[in-house]
Amino acid sequence: MDRVRQLYNQPDCSSTDLLEFKDGRVFERYGQPHRLGEKIVGRVWSFRDVSARALAEQELKRSREFYLRAFEGASAMIWRLNDQGQYDFFNGAWLAFMGTTLTEERGCEFARRIHPGDRARVLDAFSESYLQSKAFEIEYRLCSPLGEDRWVVDMVRPLLSGGGELDGYIGICFDISSRRKSLDELRKLQRAVEQSPVSILMTDASGHIEYANPKFFEIAGYEPGEVLGKTPGKFKSGLVPEDSYRNLWQTISSGQDWKGELLNRKRGGELDWESVSISPIFAEEGQISNFIGVKEDITKRKQAEAKLVESEKRLKYLAHHDPLTKLPNRTLLYDRLQHGMARSRRTGSQMAVILLDLDRFKMVNDQFGHDIGDMLLCEAGHRLQELLRQADTLARFGGDEFVIVLEEVSGGNEVALVARKILNTLSRPFRLRGRDIQSGTSVGITLFPEDAQDVEGLLRCADTALYQAKSGGRGLYRFFTPEADAGSEQQHLLQSGLADALTREELELHFHPVWDLRGRSPIGMETLLRWNHPELGLILPGGFLNLAGESGLCVAMGRWALERACRSRLELAPIFGSADPITVNLSSRQFRQPDLVQTVAHTLEDTGLDPRLLWLDFRESCLTEDMSDGKDKLQELKRLGVGLSLDDFGSGYCCLEHLESFGVDCLKIDAKFIKKLGSTQGECISSTIIALARSMNVRVIAEGIETEYQLKRLIELGSNAGQGYLWGQPMDRSSLARWHASLR
């Protein structure tokens, strides 16, 4: 009514409004002035029922308000682009995401918001969507004004006009940066598993394999189809106790981790050591859903560890065993002796210690080489080992020496039986590289507790007994006696002083004349070495030459004797006839020296002695040890002009067919045959040697003439030269001068 009143106050105005009735009907009321001529006389009203339209408009309004509220309240970002590619509509979520205002965002170009790395791909997708008139979904990075790149997933639809022209695009966009980060982390984890240098297996709760990474297949050699769905029992080697697997399964089934090492087998059958760690995986409800196992191939490490253990065993073995013969060495021997003495004290039994060395071992080394010498030691050790009981100890004591420890022996008779077996087994030839090598041994025996109370004492007593055996002629065994110990002290004195005998000028030459048997006049001199010991006095060669040979000093002594003999021949020229030679003895070791010929040549040159005045005396053994080498040396010595004399002829085993090729100038009949003159054997051998020398046109000298009878028989047999105590013993220089004066 107020509105009507207002209109009547404004009679010229037309009006339109709505009338709402309590019953819900709505009428549109239209009013206009009613004129009579120029005069307004009232108003005309017309009414139209617009209830349906009003209801529709009301619904539309409510719908619009609903969608606007939904649009603004949506967590998704909603945007629209116009046909110029500019944003012209967006909701609050978009502005919040971008950190911009409505003014800043409206009219912004869509392409500027796309990350440069994704721009070409996204624009191509938009173009494709328009051409195909279909919606699409795409993930890409948006660049916000805040400088932060965010991953989104956009569901986009093109907006087309009625004529099919592009009006723009509308999109609903979701921020997936967190999801994308999680996905990236998951992909990293997947790559880590796929590219892991160790094998990774996953099984279900019952132990069936659901996953294996590439490293597993690479190491194990299986194909996926051969593994997936199977249990790890497929890889068992059969060498791990079943209890270990039961313990493993019980541990992981109870929800605990298991770590250990397993020996598995690859597809090809090769054994594969693995360090394994297995853990249960729990579902949300708390029950075990899976098991995951991480396995590292440690085969090489285990092999290295095995080699290290083997090396340690080897080092421990080498620390207690001789590397050549594989027998216990000195260290282990001392330990066995200590235990043996302790057992003997507890049980009251005897223990025997046997010391032995090989005869001619140095000669074998020098003549045939150290490899043959090593083979001889090994074979000797093998033979000795076969003689002994399992409880006995055989050790290599050093060089060519062996020690045997016999525990719980019944007495000397039992030990003597073992000693005889040793002598017998080592006297047999050794067949080494197609050669028969003759050796032999001597044996020294001592008993515990009778002879000594400690290890060093026992070994010293055994060494003393061995020396006594060798002094008796070799090939013998001797038990230790106190009397032998006294002689051992003297032997030790000789050993300790021998090395300095040359430097202290304790060696000297004695001279033994060689006689013309018929004219009874001297026709030369043989030089003999003597040691003038400061405490023991004058020592003959038999007392020290063996020691010199063992220590290697015999070569130096031989050179000294050669040089001194040559100078003596010049200095004592008035005592000698103008053509009488001086003879120097060569030991077997000296004869085998490679530089023997050079040594003789140098000595002759250095002293100025005429080579024809020097005779070299050597034994048959020098030749029989190496026939070809010996013949070559003799020929070279002959070319120097020196004389060659074969000593003790007939006592060895020189082959007569080679004798003439040696080029010797003299044969010496061994003294033992001279002593037997008058017997059939002595007469036969001596006469044969004399006849042989005469047929070869060489001189023969009979050694060891002591009686007139021997002198007479030798002359009758045709010998023209000799030497011996019949004319006196060897003399030093001063005695030689007096002897020569007495001849005049």
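Quick note: the coordinates plus some simple rules give every number you see, no bench work behind them. The shown structure was predicted, so the numbers you read here are calculated from the model rather than taken from an experiment. Methodologically, a virtual Cβ is constructed for each residue, glycine included, from the backbone with ideal geometry; neighbour enumeration extends over all protein chains shown.
By the compact-protein rule of thumb, 2.2 N^0.38 Å, the alpha-carbon radius of gyration of region 192-258 corresponds to a ratio of 1.17. The lysines whose alpha-carbon is closer than 24 Å to the alpha-carbon of Lys234, local same-chain residues fewer than 8 away aside, are Lys215, Lys259, Lys266, Lys295, Lys300, Lys302.
I need to check one value: relative contact order of the chain, counting alpha carbon pairs closer than 8 Å and at least 6 residues apart, in percent.
Values: 1174 pairs, mean separation 37.7, N = 744.
In percent, rounded to a whole number, it is 5.
Residue farthest toward the positive end of the dipole of the chain, with Cβ of Lys/Arg at +1 and Asp/Glu at -1: which of Val122, Val198, Asn247? Result: Val122, furthest along the dipole toward the positive end.
Computed on the Cα trace of region 343-453, the radius of gyration divided by the Kirkwood hydrodynamic radius gives Rg/Rh = 1.03. Our estimate of slack between Glu706 and Ala342, defined as 0.36 nm per intervening residue step minus the Cα-Cα distance, is 125.3 nm. Label points 7 Å out from Cα along the Cβ direction at Leu239 and Asp374: separation in nm? Taking the two extended label points, one gets 3.3 nm. Taking the three principal axes of the alpha carbon atoms in region 245-319, the coordinate ranges are 63, 29, 18 Å, sorted in descending order. Only helices enter this figure: runs of n ≥ 4 DSSP H residues, each worth -39500 (n - 2.57), summed and divided by the residues of the chain, yield -13500 deg cm²/dmol at 222 nm to the nearest 500.
To the nearest 0.05, how large is the calculated FRET efficiency for Glu194 and Ala111 if R₀ is 35 Å and r is the Cβ-Cβ distance?
Plugging the Cβ-Cβ distance into 1/(1 + (r/R0)^6) gives 0.40.
Spatially, region 295-339 and region 142-188 are offset by 73 Å when compared through their Cα centroids. Compared with the alpha-carbon gap, the fully stretched path from Val41 to Ala125 is longer by 23.1 nm at 0.36 nm per residue. Cα-based values for region 515-581, radius of gyration first and Dmax second, are 15.1, 44 Å. Positive end of the dipole of the chain (Cβ unit charges, origin at the Cα centre): among Ile354, Tyr467, Thr16, the Cα lying farthest that way belongs to Thr16. Cross-link reach is defined here as a Cα-Cα straight distance under 28 Å, omitting same-chain residues fewer than 8 places apart; for Lys470 the lysines meeting it are Lys326, Lys362, Lys421, Lys668, Lys672, Lys675, Lys676.
The charge dipole of the chain, taken about its Cα centre with unit charges on the Cβ of Lys, Arg, Asp and Glu (plus for the first two, minus for the last two), comes to roughly 860 debye. Working note: Debye formula, equal point scatterers on the alpha-carbon atoms of region 130-225, no solvent; log10 I(q)/I(0) at q = 0.15 Å⁻¹ is -0.78.
Once both labels are positioned 7 Å from their Cα atoms along Cα-to-Cβ, the gap between Glu210 and Phe89 label points is 4.8 nm. Measuring between their Cα centroids, region 588-611 and region 84-120 lie 113 Å from each other. With the convex hull drawn over the C-alpha atoms of region 266-424, the volume per residue is 220 Å³.
If a spin label sat at a point 7 angstrom from the Cα of Ser133 along the line to its beta carbon, the backbone N atoms of region 168-197 nearer than 19 Å would be those of 168-170. For an R0 of 51 angstrom, estimate the FRET efficiency from the Cβ-Cβ distance between Ser177 and Leu315 and round to the nearest 0.05. E(calc), rounded to 0.05, equals 0.20.
FRET efficiency for Glu636 and Lys676, Cβ-Cβ distance as r, R0 = 41 Å, nearest 0.05?
Taking R0 as 41 Å, the efficiency between Glu636 and Lys676 is 0.65.
With the simple spin-label model, which puts each label point 7 Å out from Cα in the Cβ direction, the Ala499 to Tyr725 separation comes to 3.6 nm. Gain on full extension, evaluated as 0.36 nm per residue between Glu218 and Ser279 minus their Cα-Cα distance, stands at 19.7 nm. In terms of its Cα atoms, the chain spans 210, 67, 47 Å along the principal axes, sorted from long to short.
Straight-line cross-link reach from Lys39 at under 15 Å between alpha-carbon atoms covers these aspartates and glutamates, not counting any fewer than eight positions away in the same chain: Asp12.
Looking at the chain alone, DSSP beta bridges between its own residues are antiparallel in about 80 percent of cases.
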